[in-house]
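The values are calculated or read from the model by the stated rules, or taken from the named source; none is laboratory data. This one's a predicted model, so the numbers in the text were calculated from it and none came from an experiment. Because the Cβ atoms are built from the backbone with ideal geometry, glycine has one as well, and the counts that use them run over all protein chains shown. Heavy atoms of the whole protein, side chains included, go into the accessibility calculation; ligands, DNA and RNA do not. Shrake-Rupley method; radii C 1.70, N 1.55, O 1.52, S 1.80 Å.
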Amino acid sequence: MASNFAPALTSLDVGTLFVIAICVASLLGLFLIYAWMQERIAALAWWGGAYLIGGASGALWRFGAVIVPALPESLATIMLFVAVGMIWSGARLFHGQKIRWIGMLFGAGFWLISGFVPAFALSAASRIVVSSLIVAGYTFLTATELRRERRRSLIRRWPAAFVPVLHGAIFLFPVVLATVSPDDGIHSVARGWLAVFAIEIVLYVVGTAFIVLILAKDRTVRHYKAAATTDPLTGVLNRRGFFEATEILMGRHRKGMKPISVLAFDLDHFKSVNDRYGHAVGDAVLQLFARVARDTMRTNDIVGRLGGEEFVAVLPGTLKDAAAAAERVRAALAASSIERNGMRIAATVSVGVACGSPSAPIDGLISRADGALYRAKAEGRNRVHWADEQTDAGGPLPQRRGVRSVDRRKQKGAVVSGALESCIA
């Protein structure tokens, strides 16, 4: 098969194909550098630089003997390995990973050291196998890094990994061809593989550039969307972001009619903190509560700031689940504090809890949670109260009325049991 495949490829004008590959890689490199200047995503600069180095490598390989005859023949290959290592490093940088300099330069270093071994330098098959393995290895590593992208809306993980994987797989074919071809036919195989390389590299650089630009644009869109829906002081959702996220959460639970619970938070005596210590300390207290709430609650629970010292959270689960979550937040905040001017300033929070059907209006659930919150404040603050149990958008169930407090130990078991029976799909 190799004997028939190689002659067919030798009929292609390899020189012209390489000129096209050089021009495409260089133009895409400049385009990625320009995109980096616009978006300020460091990975784009690495990818753009890799494309430019790769283009320069192809130019040296094709025209180096004419333009700069004094340069060593291995320089073009070394530059190519540096370029593919930079593409891998750019993928790591895109996902917040550190650059592994030794790993990035390993391929180029290994090739440079191997050149001093006479048996390797004189064996065309060895050079083809090693160079193919180096390029394939880096592209597989790049696919692994690009597959880390999980917060995707414009692109799925599999296309981001598919193009590098395909590129790496194609670069493994010379290993087989060099192994099965006779020694006198290796030069024909090598020439045929150069034609494949020239065609495939054009497809690869275009496909990869398209993918990384979509990933970068997707990240920019997420950044601006997060800025529009996030409270800049505390880092939790603002009013707009909270209601958007809540609608999505409740929509997912309407089909199975699983209960939804709302927690209404209000920091105790917050006005006096501002009056006594200043607004800077008040802001620090708000940030402390937001951090405690995020660290204490589950990652899929929704926490938002509606204004001032008023926060609200929505989570799937029964009244018992919500009351337990509220108690964890209350206890964690009571045990926390901030330090200003040598003084430790503590804060507490009152919490109201309500539970209902996912088809119920969220405003109604928040209103019921607020009612329980006011009772918590009226009875001494720094405590959790829950409102009447509901299972639909109508009215409260008749068997349990009023508000119960989690600090009434004798009544707690009975109320939680009633909540489990009533606030469930």
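Condition check ((1) touching a residue at least 24 places away in the same chain (Cβ under 8 Å); (2) among the aliphatic types (A, V, I, L, M); (3) within 30 Å of residue 361 (Cα to Cα)) across all residues:
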position	(1), (2), (3)
210	no, no, no
213	yes, yes, no
220	yes, no, no
223	no, no, yes
236	yes, yes, yes
246	yes, no, yes
249	yes, yes, yes
279	no, no, no
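Among the residues of the range 319-348, the one identified as among the polar types (S, T, N, Q) and under 31 Å from the mean Cα position of the chain (by Cα) is 336. Restricting 60, 27, 52 to those that are under 18 Å from residue 16 (Cβ atoms), open to solvent by 40 Å² or more (accessible area, probe 1.4 Å), touching a helix residue (DSSP H, G or I) at 6+ places or on another chain (Cβ under 6 Å) and without any contact (Cβ under 8 Å) to a residue 40 or more places away in the chain reduces the list to 60.
Quick one: which residue in 143, 216, 190 is modelled with pLDDT under 75, in a helix (DSSP H, G or I) and either in contact with a Lys or Arg (Cβ under 7 Å, 6 or more places away or on another chain) or under 30 Å from residue 58 (Cα atoms) (or both)? Write out each step before concluding.
Values: 143 fails: modelled with pLDDT under 75; 216 fails: modelled with pLDDT under 75.
It is 190.
Residue check: residue 366 meets all listed conditions (1) open to solvent by 10 Å² or more (accessible area, probe 1.4 Å); (2) more than 32 Å from the chain's Cα centre (by Cα); (3) under 19 Å from residue 236 (Cα atoms) but one, namely (2).
Tally the residues that are touching a helix residue (DSSP H, G or I) at 6+ places or on another chain (Cβ under 8 Å) and either free of Cβ contacts under 8 Å to residues at least 60 places away in the same chain or farther than 20 Å from residue 25 by Cβ (or both), restricting the search to the range 92-120.
Start the filter on the range 92-120 by keeping residues that are touching a helix residue (DSSP H, G or I) at 6+ places or on another chain (Cβ under 8 Å), which leaves 92-95, 97-100, 103-108, 110-112, 114-115, 119-120.
Imposing the further condition that a residue be either free of Cβ contacts under 8 Å to residues at least 60 places away in the same chain or farther than 20 Å from residue 25 by Cβ (or both) reduces the set to 92-93, 95, 97-100, 103-108, 110-112, 114-115, 119-120.
Residues in the range 92-120 being touching a helix residue (DSSP H, G or I) at 6+ places or on another chain (Cβ under 8 Å) and either free of Cβ contacts under 8 Å to residues at least 60 places away in the same chain or farther than 20 Å from residue 25 by Cβ (or both): 20 in total.
Can you find, within the range 90-135, the residue that is nearest to residue 147 (Cα to Cα) among those that are among the polar types (S, T, N, Q), part of a helix (DSSP H, G or I) and modelled with pLDDT under 85? Before you say what the answer is, go through the steps one by one.
Going residue by residue through the range 90-135, those that are among the polar types (S, T, N, Q) are 97, 114, 123, 126, 131-132.
Still in the list and also part of a helix (DSSP H, G or I): 114, 126, 131-132.
Then keep just the ones that are modelled with pLDDT under 85; that gives 126, 131-132.
Numbers: 126: 32, 131: 25, 132: 22 Å.
Restricting to residues being among the polar types (S, T, N, Q), part of a helix (DSSP H, G or I) and modelled with pLDDT under 85, the top hit is 132.
Would you confirm, using the coordinates I've provided, whether residue 313 is assigned to a helix (DSSP H, G or I) and either in contact with a strand residue (DSSP E or B) (Cβ under 6 Å, 6 or more places away or on another chain) or among the hydroxyl-bearing types (Ser, Thr, Tyr) (or both)? Considered against the rule, which asks whether it is assigned to a helix (DSSP H, G or I) and either in contact with a strand residue (DSSP E or B) (Cβ under 6 Å, 6 or more places away or on another chain) or among the hydroxyl-bearing types (Ser, Thr, Tyr) (or both), residue 313 comes out as no.
Regarding the range 298-307, can at least one residue be identified that is at pLDDT below 90 and over 30 Å from residue 254 (Cβ atoms)? No, every residue in the range 298-307 fails to be at pLDDT below 90 and over 30 Å from residue 254 (Cβ atoms). Applying the criterion of being open to solvent by 70 Å² or more (accessible area, probe 1.4 Å) and either within 21 Å of residue 81 (Cα to Cα) or not in a helix (DSSP H, G or I) (or both) to the residues of the range 1-22, the residue that is modelled with the highest pLDDT is 20.
Kindly indicate whether residue 376 is part of a helix (DSSP H, G or I) and surrounded by 24 or more Cβ atoms within 10 Å (Cβ to Cβ).
On the way: part of a helix (DSSP H, G or I): yes; surrounded by 24 or more Cβ atoms within 10 Å (Cβ to Cβ): yes.
Yes, satisfied.
The listed residues are 88, 111, 46, 101, and the only one of them that is loosely packed, with under 15 Cβ neighbours inside 10 Å and at negative phi turns out to be 101.
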